[in-house]
Amino acid sequence: GVPRCGASLHKPNKALKIELNANANCIWQIQRNANQTIRLVFSHFKFAPSSSCETESIKVFDGPSTDSPLLGQVCDDTDAVPVLESSSDSLTFLVTTNSVAFTRNFFVYYYYFSPGSRTENCGGELTGPNGTFSSPNYPAPYPAFRYCVWHIRAPKNSKINLQFQDFFLELDRNCQLDFTAVYDGPTTNSGLLGKVCGRAQPTFESSSNVMTVVLSTDDTNSYRGFSAQYSSVPLPGPVEPNTTFTCSSDSMRIVLSKSYLASLGFSEAHLQLNDPSCRPLITDSVIFSFPLASCGTIKKDEGHSITYTNTISLAPAGSGITRQKYTEIVAECRMKNNETLEVIYITKTNDIQRMTARGRYNVSMAFYESDLFSKPIQYSPYYVDLNQTLFAEVTLHSTDPNLQVFIDTCAASPQPEFGSLTYDLIRSGCKKDDTVVTYPAFENHGRFKFRAFRFLQSFPSVYLQCDIVICDSNNTNSRCARGCISRQKRDISPYTWKTNTVVGPIRLKRDLRAAEYSESLTEAEAEKTPNLQQYNFYTLAFVVLISNILIVVAVILKHH
């Protein structure tokens, strides 16, 4: 309900869905007479492709106008979920877009809060080789408007494996309402490993002994949250001290020590990627962190994997600064099935250093109310009628827009671990159940529908597990493009990248109605059967009534 370009906002909290075109210059001002602080969350932002911070950005100012101190800036290459806090009860943000014809989308919400209050008491410091933590109130629903940050620090020379054993947050397509974000380092500026919502069991792995986990909630819907555990794994011994290379579904992150660069004859002040405008952040180390398909990254479909490659080299202005032993550093990210490792190896060929790391794509699956796939099922278990049509969608969360999702196999099982007892819906891209209908590939989604099957009649709960194949959408000979593969041809059709995801449980409504009827019947029987105290009261009242009648009769006879 706010104006399309800018507004003056005075409510204690509000969510804004902003859509802007080219050459916009819009100001939103948040101000309220309250002795509180504003927290501003940019949970989703989509700028014009390859835009720079100089021409297109969101600038946040700590005060009532754009003349106030600059609090922070959000750009197309921002590798985080930006959360900014004011120092007073007013805050201003300016959105500027360039001249490129493109529809920009932003989702931002804000709320007032009191720093240091009891409601802000969540998150904390976790140290040691392993540990557990959970969302506030778990397993009861988490509270609204919370921002919890956990800082995990394991022993030196180790990395952190983080596993969410139970995870149930509000689901939406871009995880812009309630979400958990995991960062590869000590702060939320360390490089985003991933952002998750809905129902899942995500796992993450750091490149060092520190990791940061964030939970952010709004006020729309609350669910039970999450329970997580972490463990530390010794690093195999760094190839170079303080030099790491990690890649995920969203980004590549290269950390180079200054001593390592010096040994190669490189000056840290003059480094660049394939795209010369992509320069590093220089602190104690030299850090390149960028979206997977940006900064001139070259993608190659190798049949058994997808590889992203970028090159670190000296900018022309700095080519004569030092005596170079090597001309470039090639960083190669291979997306493998369910693997995330830090630097696998560094090889030296002639005058080229090659760094190789493995990563994985982030995939989720959910049920939807209809074939519009606009309203996900938010509750669990999912109660359905027998033969009811169910709509399922698999989503790939990646910054690479040229990927295709293909549903290779889907099976149902009464056990979430998927033992020997299963029922096939789809196998090798071929429909095995007569009610299955698959939809054409749409952006980064794979969709299909089916009817609730008789498998449900024999078991109280059923889970669905799908094997997902991810291919380069420009490869016309990929596994995704081949569709259904018969048994005879299966051995000559290697997949590009494959993982699986689980959703459920599904249960029949009649079981829910039976349970409710049994409960109501028990309550009705209890109402029909008076307790002993009631019975004694009725008996006493009857005796008293008979006694009074006898007394009245005796009095009448006496007078006669």
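The values are calculated or read from the model by the stated rules, or taken from the named source; none is laboratory data. A quick note: this is a predicted structure, and the numbers were derived from the prediction, not measured. Don't worry about glycine lacking a Cβ; one is built from the backbone with ideal geometry, like all the others, and counts go over all protein chains shown. SASA here: full protein model, heavy atoms, side chains in, ligands and nucleic acids out. Shrake-Rupley method; radii C 1.70, N 1.55, O 1.52, S 1.80 Å.
Count neighbours as other Cβ atoms within 10 Å of each site's Cβ, and list the trypsin sites (Lys or Arg not before Pro) in the stretch 356-434 that are DSSP loop with at most 15 such neighbours. Mind dumping the intermediate values first?
Details: sites: Arg358, Arg360, Arg427, Lys431, Lys432; in loops: Arg360, Lys432.
Hits after loop and neighbour filter: Lys432.
May I ask for the distance between the Cα centers of the stretch 177-249 and the stretch 62-79, given as a whole number of Å?
25 Å
Suppose a student asked you for the relative contact order of the stretch 404-467, using Cα pairs under 8 Å spaced at least 6 residues apart; what percent would you report?
The normalised contact order for the stretch 404-467 reaches 41 percent.
Could you give me the percent of Cα pairs per 5 Å distance bin for the stretch 124-234, shortest bin first, beginning at zero and ending with the bin that holds the maximum distance?
Calculated P(r), rounded to whole percents: 2, 13, 25, 25, 19, 10, 4, 1, 0.
At 7 Å along the Cα-to-beta-carbon direction for both Ala269 and Gln388, put a label point, then send me their distance in nm to one decimal.
6.7 nm
For Asp67 and Arg510, compute 0.36 nm times the residue count separating them, minus their Cα-Cα distance, and round to one decimal in nm.
Details: separation 443, 0.36 × 443 = 159.48 nm, distance 6.25 nm.
In short, 153.2 nm is gained.
What value does the stretch 8-113 have for Rg/Rh, both radii from Cα atoms and Rh as Kirkwood defines it? Don't jump to the answer; show the numbers that get you there.
Numbers: Rg = 13.3 Å, Rh = 13.8 Å.
Checking Rg against Rh, the ratio lands at 0.96.
Just in the stretch 50-134: which GluC sites (Glu not before Pro) are loop by DSSP and have at most 12 other Cβ atoms within 10 Å? Show your work: numbers first, answer last.
On the way: sites: Glu54, Glu56, Glu85, Glu120, Glu125; in loops: Glu54, Glu56.
Passing both the DSSP loop test and the Cβ count: Glu54.
Round to a whole number: what % of the accessible area of the stretch 25-143 belongs to carbon and sulfur, probe 1.4 Å?
Numbers: 2510 of 5450 Å².
Looking at the stretch 25-143 in its full context, I get 46 percent from C and S.
At a Förster radius of 35 Å, what calculated FRET efficiency corresponds to the Cβ-Cβ distance of Thr307 and Ser8, to the nearest 0.05? Spell out each step's value before the answer.
On the way: r = 50 Å, r/R0 = 1.42.
In this case the efficiency is close to 0.10.
Say the dipole of the stretch 124-234 comes from +1 at the beta carbon of Lys and Arg and -1 at that of Asp and Glu; which of Trp150, Pro136, Phe226 then lies farthest toward its positive end?
Positive-most Cα among the choices belongs to Trp150.
Taking the Cα centre of the stretch 8-113 as the origin, how large is its charge dipole in debye, to the nearest 20, when only Lys and Arg (+1) and Asp and Glu (-1) carry charge on their Cβ atoms? Please report the intermediate quantities before stating the final value.
On the way: 8 positive and 10 negative charges, 96 e Å.
Dipole of the stretch 8-113, to the nearest 20 debye: 460 debye.
Counting only heavy atoms of protein chains, what accessible area per residue, in Å², does the stretch 48-95 have with a probe of 1.4 Å? Numbers along the way, then the final one.
Details: 1960 Å² over 48 residues.
Using a 1.4 Å probe on heavy atoms only, each residue of the stretch 48-95 averages 41 Å².
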